Amino acid sequence: MLDESQHALEKSKVNMKRDLETSLELYSQQVLQLRETVLTEVPTSHEMPSEEAYAVINDFRRRVEVVQARNDVLKPGLEIFNIESPDHKELRDTEHDLEIAGQIWTLADDWARVFDQWKTKRFNKLDIVEMENMAGQFNKKVSKLGREIKRWGIWEQMRNKVTEFLQTMPLILDLRNPAMRTRHWASLKKELQRQFDETSVNFTLESVFSTGLSTVPHLVAELSANANKELAI
């Protein structure tokens, strides 16, 4: 009876190990398939709505959790047979890519929210120092992410938006120059062939772009410099 029991145990161990090796192989295939899917379907296009992008990212995160849970189930059996637990670089790379994707989409949403606040605020009430500092912080974060996702459409759009805004800062500073008088604004209106009230509560940062002031930065800079000289005189 003991011999028969021992034989049955050995047979069960062989079957268990075989099943374990099969499960381990399926787990490895699952990791590789998930990696390939993430590489092709992770949201990188700026044309995709952010809500849809987050949905895709979160779905992939849940799938990663399922794969990790399967690995946890395999660990006790691996320890019994002294089989080393697999450490898939592909799974770590997948987790990393999803983290980066979450960061760039969050950054894009944060920038959109901040810029919406700026563009609707009365122009002469804008805190230029705060705007420049915040834009600089966004620029640093975008540049850092660019080391890994420079070819992603959402990253390129973010970089362009922040860069364009930083390039308009000298224009905004010139327009906010206290030395600017009515005659200087009149010159701008004549050049643009547009009428607007720069002292109105409705004159916002968005108005600077909609009136075309952003298209004549050199003229604004020249008028601002002249205004400083005239004020000095």
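Figures for the structure shown
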{"quantity": "0 to 90° range, to nearest 10: angle between helix 89-119 axis and the chain longest Cα axis", "calculated": "20"}
{"quantity": "Value of [θ]222 nm, deg cm²/dmol, for the chain, DSSP H segments ≥ 4, -39500 (n - 2.57) each, nearest 500", "calculated": "-27000 deg cm²/dmol"}
{"quantity": "Cα-based helix-to-principal-axis angle, 153-175 vs the chain, degrees rounded to 10", "calculated": "20"}
{"quantity": "The stretch 1-130: C-alpha gyration tensor shape, a/c 1.5 cut-off, then a/b vs b/c", "calculated": "prolate"}
{"quantity": "Per residue accessible area of the chain, 1.4 Å probe, in Å²", "calculated": "63"}
{"quantity": "Rounded tilt (10° steps) of 217-232 against the dominant C-alpha axis of the chain", "calculated": "50"}
{"quantity": "The stretch 117-207, relative contact order [Cα under 8 Å, separation at least 6], %", "calculated": "51"}
{"quantity": "Rounded percent of accessible protein surface that carbon and sulfur make up, the chain, 1.4 Å probe", "calculated": "50"}
{"quantity": "Length-normalised contact order of the chain in % [C-alpha pairs under 8 Å, at least 6 apart]", "calculated": "21"}
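The values are calculated or read from the model by the stated rules, or taken from the named source; none is laboratory data. These figures come from a predicted structure and were not determined experimentally. Heavy atoms of the whole protein, side chains included, go into the accessibility calculation; ligands, DNA and RNA do not. Shrake-Rupley method; radii C 1.70, N 1.55, O 1.52, S 1.80 Å.
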